[in-house]
Amino acid sequence: MEFKTFVFYFLSAILVFAGLRVITARNPVHAALYLVLAFFSASGVWMLLQAEFLAIALVLVYVGAVMVLFLFVVMMLDINLDRLREGFWSYLPLGAIIALLMVTEMALVLGGNYLGLFESSVPQAASDASNVQAVGRLMFTEYVYPFELASVILLVGIIAAVALTQREKRKNKSVDASQQVFVKARDRVRVLQMPAEKRD
(Lines give C-alpha, C1' and ligand atoms only; values in the text may rest on other atoms or scores of the structure.)
Protein backbone atom coordinates (compact mmCIF):
# COMPACT_ATOMS: atom_id res chain seq x y z
CA MET A 1 0.00 0.00 0.00
CA GLU A 2 1.33 3.43 -0.91
CA PHE A 3 1.87 5.99 1.80
CA LYS A 4 -0.65 8.36 0.24
CA THR A 5 -3.31 5.64 0.18
CA PHE A 6 -2.61 4.85 3.83
CA VAL A 7 -2.94 8.52 4.81
CA PHE A 8 -6.19 8.80 2.83
CA TYR A 9 -7.74 5.79 4.56
CA PHE A 10 -6.51 7.01 7.93
CA LEU A 11 -8.07 10.46 7.43
CA SER A 12 -11.26 8.96 6.02
CA ALA A 13 -11.67 6.59 8.96
CA ILE A 14 -11.24 9.46 11.42
CA LEU A 15 -13.67 11.59 9.40
CA VAL A 16 -16.37 8.91 9.38
CA PHE A 17 -15.89 8.17 13.09
CA ALA A 18 -16.00 11.87 14.03
CA GLY A 19 -19.09 12.43 11.87
CA LEU A 20 -20.89 9.56 13.59
CA ARG A 21 -19.91 10.82 17.03
CA VAL A 22 -21.23 14.30 16.20
CA ILE A 23 -24.76 12.94 15.85
CA THR A 24 -24.55 10.30 18.58
CA ALA A 25 -22.83 12.27 21.36
CA ARG A 26 -25.26 13.31 24.07
CA ASN A 27 -23.07 16.12 25.35
CA PRO A 28 -23.10 19.22 23.09
CA VAL A 29 -19.50 20.11 23.97
CA HIS A 30 -18.32 16.63 22.95
CA ALA A 31 -20.29 16.97 19.71
CA ALA A 32 -18.58 20.30 19.02
CA LEU A 33 -15.14 18.76 19.60
CA TYR A 34 -15.91 15.87 17.26
CA LEU A 35 -17.18 18.34 14.65
CA VAL A 36 -13.87 20.20 14.81
CA LEU A 37 -12.06 16.90 14.26
CA ALA A 38 -14.31 16.06 11.30
CA PHE A 39 -13.66 19.42 9.63
CA PHE A 40 -9.94 19.12 10.22
CA SER A 41 -9.85 15.61 8.74
CA ALA A 42 -11.77 16.81 5.67
CA SER A 43 -9.23 19.59 5.19
CA GLY A 44 -6.49 16.96 5.32
CA VAL A 45 -8.18 15.11 2.45
CA TRP A 46 -8.25 18.37 0.49
CA MET A 47 -4.54 18.76 1.16
CA LEU A 48 -3.94 15.30 -0.31
CA LEU A 49 -5.67 16.49 -3.48
CA GLN A 50 -3.36 19.54 -3.51
CA ALA A 51 -6.29 21.93 -3.06
CA GLU A 52 -4.61 24.06 -0.41
CA PHE A 53 -7.02 26.97 -0.71
CA LEU A 54 -10.06 24.77 -0.03
CA ALA A 55 -8.29 23.10 2.89
CA ILE A 56 -7.41 26.41 4.53
CA ALA A 57 -10.88 27.81 3.80
CA LEU A 58 -12.44 24.76 5.46
CA VAL A 59 -10.35 25.26 8.58
CA LEU A 60 -10.81 29.04 8.76
CA VAL A 61 -14.50 29.21 7.84
CA TYR A 62 -15.93 26.07 9.40
CA VAL A 63 -13.65 25.47 12.36
CA GLY A 64 -13.34 29.17 13.06
CA ALA A 65 -16.75 30.66 12.28
CA VAL A 66 -19.24 27.80 12.23
CA MET A 67 -17.99 26.32 15.48
CA VAL A 68 -18.29 29.70 17.20
CA LEU A 69 -21.84 29.93 15.83
CA PHE A 70 -22.57 26.41 17.08
CA LEU A 71 -21.32 27.28 20.56
CA PHE A 72 -23.48 30.44 20.54
CA VAL A 73 -26.48 28.27 19.70
CA VAL A 74 -25.57 25.93 22.56
CA MET A 75 -25.41 28.91 24.90
CA MET A 76 -28.75 30.28 23.67
CA LEU A 77 -30.57 27.00 24.21
CA ASP A 78 -32.05 26.06 27.55
CA ILE A 79 -29.09 24.04 28.74
CA ASN A 80 -27.85 23.91 32.30
CA LEU A 81 -24.50 25.60 31.76
CA ASP A 82 -23.59 25.34 35.44
CA ARG A 83 -23.57 21.57 35.08
CA LEU A 84 -21.37 21.87 31.99
CA ARG A 85 -18.94 24.16 33.81
CA GLU A 86 -18.68 21.78 36.74
CA GLY A 87 -17.33 19.04 34.50
CA PHE A 88 -14.68 21.23 32.82
CA TRP A 89 -11.81 18.89 33.65
CA SER A 90 -13.78 15.91 32.39
CA TYR A 91 -13.51 17.37 28.84
CA LEU A 92 -9.71 17.49 29.05
CA PRO A 93 -9.00 13.84 28.07
CA LEU A 94 -11.27 13.99 25.01
CA GLY A 95 -9.86 17.37 24.01
CA ALA A 96 -6.30 16.05 24.37
CA ILE A 97 -7.07 12.97 22.25
CA ILE A 98 -8.65 15.11 19.52
CA ALA A 99 -5.71 17.55 19.61
CA LEU A 100 -3.28 14.61 19.33
CA LEU A 101 -5.20 13.23 16.33
CA MET A 102 -5.13 16.64 14.65
CA VAL A 103 -1.37 16.95 15.19
CA THR A 104 -0.90 13.42 13.81
CA GLU A 105 -2.95 14.28 10.72
CA MET A 106 -0.91 17.44 10.14
CA ALA A 107 2.34 15.53 10.57
CA LEU A 108 1.27 12.83 8.10
CA VAL A 109 0.04 15.23 5.42
CA LEU A 110 2.69 17.94 5.70
CA GLY A 111 5.55 15.58 6.54
CA GLY A 112 4.69 13.23 3.69
CA ASN A 113 4.53 16.13 1.28
CA TYR A 114 7.82 17.56 2.56
CA LEU A 115 9.64 14.23 2.35
CA GLY A 116 8.24 13.50 -1.12
CA LEU A 117 6.34 10.38 -0.06
CA PHE A 118 3.28 11.36 -2.07
CA GLU A 119 3.77 10.13 -5.61
CA SER A 120 0.83 12.10 -6.88
CA SER A 121 -1.08 11.28 -10.04
CA VAL A 122 -2.88 14.62 -9.82
CA PRO A 123 -1.93 16.73 -12.84
CA GLN A 124 0.42 19.51 -11.78
CA ALA A 125 -0.36 23.10 -12.73
CA ALA A 126 2.14 25.47 -14.22
CA SER A 127 4.44 27.31 -11.87
CA ASP A 128 2.78 30.68 -12.56
CA ALA A 129 -0.76 29.32 -12.04
CA SER A 130 -2.63 29.93 -8.80
CA ASN A 131 -5.01 27.56 -7.10
CA VAL A 132 -7.04 30.48 -5.75
CA GLN A 133 -7.26 32.03 -9.21
CA ALA A 134 -8.52 28.78 -10.73
CA VAL A 135 -11.17 28.36 -8.01
CA GLY A 136 -12.29 31.98 -8.41
CA ARG A 137 -12.51 31.68 -12.20
CA LEU A 138 -14.65 28.55 -11.96
CA MET A 139 -16.83 29.97 -9.19
CA PHE A 140 -17.70 33.19 -11.01
CA THR A 141 -17.96 31.82 -14.58
CA GLU A 142 -19.23 28.25 -14.84
CA TYR A 143 -20.76 28.01 -11.34
CA VAL A 144 -22.02 31.56 -10.87
CA TYR A 145 -25.71 30.52 -10.70
CA PRO A 146 -25.18 27.84 -8.02
CA PHE A 147 -23.02 30.36 -6.13
CA GLU A 148 -25.80 32.96 -6.20
CA LEU A 149 -28.38 30.32 -5.29
CA ALA A 150 -26.31 29.32 -2.27
CA SER A 151 -26.12 32.96 -1.16
CA VAL A 152 -29.92 33.31 -1.47
CA ILE A 153 -30.43 30.12 0.56
CA LEU A 154 -28.10 31.45 3.27
CA LEU A 155 -29.97 34.77 3.30
CA VAL A 156 -33.30 32.96 3.68
CA GLY A 157 -31.80 30.92 6.52
CA ILE A 158 -30.62 34.07 8.32
CA ILE A 159 -34.03 35.74 7.96
CA ALA A 160 -35.78 32.56 9.16
CA ALA A 161 -33.50 32.33 12.20
CA VAL A 162 -34.23 35.95 13.12
CA ALA A 163 -37.96 35.42 12.58
CA LEU A 164 -37.97 32.30 14.78
CA THR A 165 -36.19 34.02 17.66
CA GLN A 166 -38.51 37.08 17.56
CA ARG A 167 -41.65 35.29 18.71
CA GLU A 168 -43.07 37.99 20.97
CA LYS A 169 -44.08 41.38 19.68
CA ARG A 170 -41.49 43.91 20.69
CA LYS A 171 -42.70 47.05 22.39
CA ASN A 172 -41.81 50.22 20.56
CA LYS A 173 -39.58 52.41 22.72
CA SER A 174 -39.21 55.30 20.27
CA VAL A 175 -39.77 58.83 21.51
CA ASP A 176 -41.67 61.59 19.72
CA ALA A 177 -39.30 64.55 19.66
CA SER A 178 -42.08 67.11 18.99
CA GLN A 179 -43.78 66.22 22.26
CA GLN A 180 -40.55 66.57 24.19
CA VAL A 181 -39.90 70.09 22.83
CA PHE A 182 -43.21 71.50 24.06
CA VAL A 183 -43.07 69.93 27.53
CA LYS A 184 -43.34 72.41 30.40
CA ALA A 185 -41.82 71.90 33.79
CA ARG A 186 -45.13 72.28 35.63
CA ASP A 187 -46.52 69.35 33.63
CA ARG A 188 -43.77 66.99 34.68
CA VAL A 189 -42.55 68.19 38.08
CA ARG A 190 -44.67 68.82 41.14
CA VAL A 191 -43.19 70.33 44.28
CA LEU A 192 -44.74 69.11 47.51
CA GLN A 193 -44.52 70.88 50.83
CA MET A 194 -44.49 68.56 53.78
CA PRO A 195 -44.30 69.61 57.39
CA ALA A 196 -41.15 68.68 59.19
CA GLU A 197 -41.36 65.90 61.70
CA LYS A 198 -40.03 66.47 65.17
CA ARG A 199 -38.60 63.69 67.25
CA ASP A 200 -39.54 63.50 70.91
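Shape of the stretch 1-78 from the C-alpha gyration tensor: oblate (a/c of 1.5 or more and a/b not above b/c, with a ≥ b ≥ c the square roots of its eigenvalues). The stretch between I56 and R186, if pulled fully straight at 0.36 nm per residue, gains 40.1 nm over its current Cα-Cα span.
On the stretch 1-65, 75 percent of the accessible area sits on carbon and sulfur atoms, based on a 1.4 Å probe.
The values are calculated or read from the model by the stated rules, or taken from the named source; none is laboratory data. Not measured: the values here are computed from a predicted model. Surface areas here come from the heavy atoms of the whole protein model, side chains and all, with no ligands, DNA or RNA. Shrake-Rupley method; radii C 1.70, N 1.55, O 1.52, S 1.80 Å.
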